[in-house]
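A.B. asks: A single structure is presented below for examination.
The values are calculated or read from the model by the stated rules, or taken from the named source; none is laboratory data. A quick note: this is a predicted structure, and the numbers were derived from the prediction, not measured. Neighbour counts are summed over all protein chains in view; Cβ atoms, including those assigned to glycine, are modelled from backbone coordinates with ideal geometry. Each accessible area value is taken on the protein alone, full model and side chains, heavy atoms only, with ligands, DNA and RNA left out. Shrake-Rupley method; radii C 1.70, N 1.55, O 1.52, S 1.80 Å.
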Amino acid sequence: DAFIAEPGNTLIVADYGQLELRLMAHMTSCESMVQAFKSGGCFHSRTAMGMYPFIKDAVDSGDVLLEWDYSKGQPTVPLVKDHFGSERRKAKTLNFSIAYGKTVHGLAADWGITTDEAEKTLQAWYDDRPEVKEWQEKTRNMAKGLGFVRTIMGRYRELPDASPNNYGPAVGHALRAAINSPIQGSAADVVMMAMLRLWRSEALKD
C-alpha cells in the first residue's frame, strides 16, 4: 500500500540473503564461513556445528540432521535447529554480533550468563573462524595508526577517537566502529551497485 507502481511499470523486490555475513567471509578470507555458504542450507546450524564438537559428532553419527527436504515428508531424526536450539541461537547471535564488534560484556547481558561463559562461547566461534579474529586485529590496528578504515569500494570512515593517545569510552566505540564500518559500509556499496545495475538493465525494461 505504501509503494505503488505507475501504470505500465512494475515494482521489483530484490534482496541479498545474509549480505553482511557473506561480505565478512569474503573480506576475511574465512575458510570455514566460505565453505558453509558454498555448502548451502542453514548457515547458523553449520556455525553451531563448527563451534560445538558434540553437535558435529551428533550430525556425523546420524542422530541429528543439518537440513531436511520437507517435500520428502517429515525428517527421520531431529534437526540441529530443534535438538540443539540453544546452541544454534547463540551461534546465530554471534554470527551477527561479531560483525558489529559486540563485546563479551554485551553478549553476557544479552544471554543472561556470566562473562566467563560468554567468553568461552565467543572463543568457540573464533576457534572455528580464526581468520576473522586476525582481520579484526589488523583492522583495529589500522584505525589506531591511520585514524580511518575503508569499505570494499574504498570509501573512508574517519575514526580519530581510535588513536592510542585517547582514553575513555570513545576509544572503545571507535574500535567497534572500525570492525563494523568496513562490513556495513561494504554492504551499502554492494546494494548501491546492484540498484544501479537493476536500473540500467535492459531486460527489466522490456
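A.B. asks: Collect the residues in the range 178-206 that are more than 25 Å from Gly17 (Cβ to Cβ) and either at pLDDT 95 or above or not acidic (Asp, Glu) (or both), keeping them in residue-number order.
C.D. replies: Passing the criteria: Ala178, Lys205.
A.B. asks: What pairs can you find where one residue is in the range 41-65 and farther than 25 Å from Val132 by Cα, the other is of a type in the set (Gly, Ala, Ser) and in a helix (DSSP H, G or I), and their Cβ atoms are less than 6 Å apart, with a gap of 6+ or different chains?
C.D. replies: Val64/Ala58
A.B. asks: Checking Glu158 against (1) more than 19 Å from Arg88 (Cα to Cα); (2) modelled with pLDDT under 95; (3) more than 21 Å from the chain's Cα centre (by Cα); (4) open to solvent by 60 Å² or more (accessible area, probe 1.4 Å), which test does it fail?
C.D. replies: Of the numbered conditions (1) more than 19 Å from Arg88 (Cα to Cα); (2) modelled with pLDDT under 95; (3) more than 21 Å from the chain's Cα centre (by Cα); (4) open to solvent by 60 Å² or more (accessible area, probe 1.4 Å), the odd one out for Glu158 is (2).
Matching residues to (1) among the basic types (Lys, Arg); (2) touching a Pro at 6+ places or on another chain (Cβ under 8 Å); (3) farther than 18 Å from Tyr100 by Cα:
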position: Gly154; (1), (2), (3): no, no, yes
position: Glu158; (1), (2), (3): no, no, no
position: Ser163; (1), (2), (3): no, no, yes
position: Ala177; (1), (2), (3): no, no, no
position: Pro182; (1), (2), (3): no, no, no
position: Asp189; (1), (2), (3): no, no, no
position: Arg197; (1), (2), (3): yes, no, yes
position: Glu202; (1), (2), (3): no, no, yes
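A.B. asks: Exactly one condition in (1) without any contact (Cβ under 8 Å) to a residue 60 or more places away in the chain; (2) out of contact with any strand residue (DSSP E or B) (no Cβ under 8 Å at 6 or more places or on another chain) is not met by Val80; state its number.
C.D. replies: Of (1) without any contact (Cβ under 8 Å) to a residue 60 or more places away in the chain; (2) out of contact with any strand residue (DSSP E or B) (no Cβ under 8 Å at 6 or more places or on another chain), only one is false for Val80: (2).
Residues checked against (1) open to solvent by 30 Å² or more (accessible area, probe 1.4 Å); (2) out of contact with any Gly (no Cβ under 8 Å at 6 or more places or on another chain); (3) not aromatic (Phe, Trp, Tyr):
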{"site": "Ala2", "(1), (2), (3)": "yes, yes, yes"}
{"site": "Ala5", "(1), (2), (3)": "yes, yes, yes"}
{"site": "Tyr16", "(1), (2), (3)": "yes, yes, no"}
{"site": "Cys30", "(1), (2), (3)": "no, yes, yes"}
{"site": "Met33", "(1), (2), (3)": "no, yes, yes"}
{"site": "Phe37", "(1), (2), (3)": "yes, yes, no"}
{"site": "Met49", "(1), (2), (3)": "yes, yes, yes"}
{"site": "Asp57", "(1), (2), (3)": "yes, yes, yes"}
{"site": "Val64", "(1), (2), (3)": "no, yes, yes"}
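A.B. asks: Then there is this: Kindly list, by first and then second residue, each pair from a residue in the range 93-106 that is more than 18 Å from Pro182 (Cβ to Cβ) and crowded, with 20+ Cβ neighbours inside 10 Å to a residue that is aromatic (Phe, Trp, Tyr) and at pLDDT 85 or above, limited to pairs with Cβ atoms under 7 Å and residues at least 6 apart or on different chains.
C.D. replies: Close Cβ pairs satisfying both conditions: Leu94/Trp125.
Table: residues versus (1) in contact with a Leu (Cβ under 6 Å, 6 or more places away or on another chain); (2) at pLDDT 90 or above.
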| residue | (1), (2) |
| --- | --- |
| Leu65 | yes, yes |
| Glu87 | no, yes |
| Ala91 | no, yes |
| Ser97 | no, no |
| Gly106 | no, no |
| Tyr126 | no, yes |
